[in-house]
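Here the structure comes first, spelled out in structure tokens, and everything after it is commentary.
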Amino acid sequence: MAVISREAEGDRPSTDVQAPTGRPDVSLPGSIALVILLHAHLLNRLPVASRLWKSIYGAISRRVSKPVSVHVHGYSFVQPFGYTYPVYARWFPHLNDPLLELVHEAARHRGRAVRVVDVGAAIGDTAILLASNCQDDVCQIVCIEGDETFFALLSVNLACLGNARAIRAVLGERDGEAPSLVKVHPGTASALA
């Protein structure tokens with residue numbers, strides 16, 4: 001697998017890209033709305049309330065353009081409003097248990113902490129999950145993200161972790177220029193070949 005750089009010609013894709021300084025300007029109303037919706041997630045067990053919740057979430061997601069601040073796994077981080085990880089983390093509290101077990105067992109088997117590489121790291125939620133739950137099992141987390149918007153948020157979110165590194169790149173079959181990343185919805189981006 002080759003690294004396909006999204007940086008200017010001549011930049012080395014294997015090096016870290018300068019991270020933005022400071023937290024981005026966040027939407028306070030969007031952050032408050034997300035916190036309220038996250039705390040109301042149990043309503044999704046009722047069919048009528050679930051449709052209403054999803055309708056409100058979708059409507060707000062389309063209107064909030066600035067990042068929002070959210071608290072997950074003991075860390076406060078910034079994300080696009082439509083980034084669904086905090087929602088799924090509350091709906092399915094054991095969603096990431098297999099990943100946590102894999103990291104723990106890999107460290108136990110090797111007899112030392114392991115390095116984790118997160119390709120398509122988005123905003124760094126996996127790094128934050130591992131920092132919160134597997135601190136002694138991970139010596140370094142390398143986060144690779146190609147989307148410019150996500151990379152900026154990733155860099156800010158990793159600043160609180162001493163063992164995390166962000167690299168802006170897209171991985172593909174061959175070296176060269178990366179195709180444009182397309183936002184399917186506010187929470188993800190995909191490369192089109």
Q: Inspect all residues belonging to region 85-103 and state whether any of them is hydroxyl-bearing (S, T, Y) and touching a residue at least 40 places away in the same chain (Cβ under 8 Å).
A: yes
If we keep only residues of region 88-100 that are within 18 Å of L34 (Cα to Cα) and touching a helix residue (DSSP H, G or I) at 6+ places or on another chain (Cβ under 7 Å), then the residue surrounded by the fewest Cβ atoms within 10 Å (Cβ to Cβ) is W91
Of those in region 109-129 that are touching a residue at least 12 places away in the same chain (Cβ under 8 Å) and over 12 Å from the mean Cα position of the chain (by Cα), the residue surrounded by the fewest Cβ atoms within 10 Å (Cβ to Cβ) is R112
Boolean, F81 is of a type in the set (F, W, Y) and either buried (at least 21 other Cβ atoms within 10 Å of the Cβ) or within 15 Å of the chain's Cα centre (by Cα) (or both) = yes
By residue number, the members of region 134-166 that are open to solvent by 20 Å² or more (accessible area, probe 1.4 Å) and touching a His at 6+ places or on another chain (Cβ under 7 Å) are D137
Exercise for the section: Would you mind stating whether L52 is outside any loop (DSSP other than H, G, I, E, B) and farther than 20 Å from S27 by Cβ? Expected result: yes
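The values are calculated or read from the model by the stated rules, or taken from the named source; none is laboratory data. Keep in mind the model is a prediction, meaning the values are calculated, not measured. Note that we place each Cβ from the backbone using ideal geometry, even for glycine, and neighbour counts take in every protein chain shown. Just the protein is used for accessible areas: all its heavy atoms, side chains included, with ligands, DNA and RNA removed. Shrake-Rupley method; radii C 1.70, N 1.55, O 1.52, S 1.80 Å.
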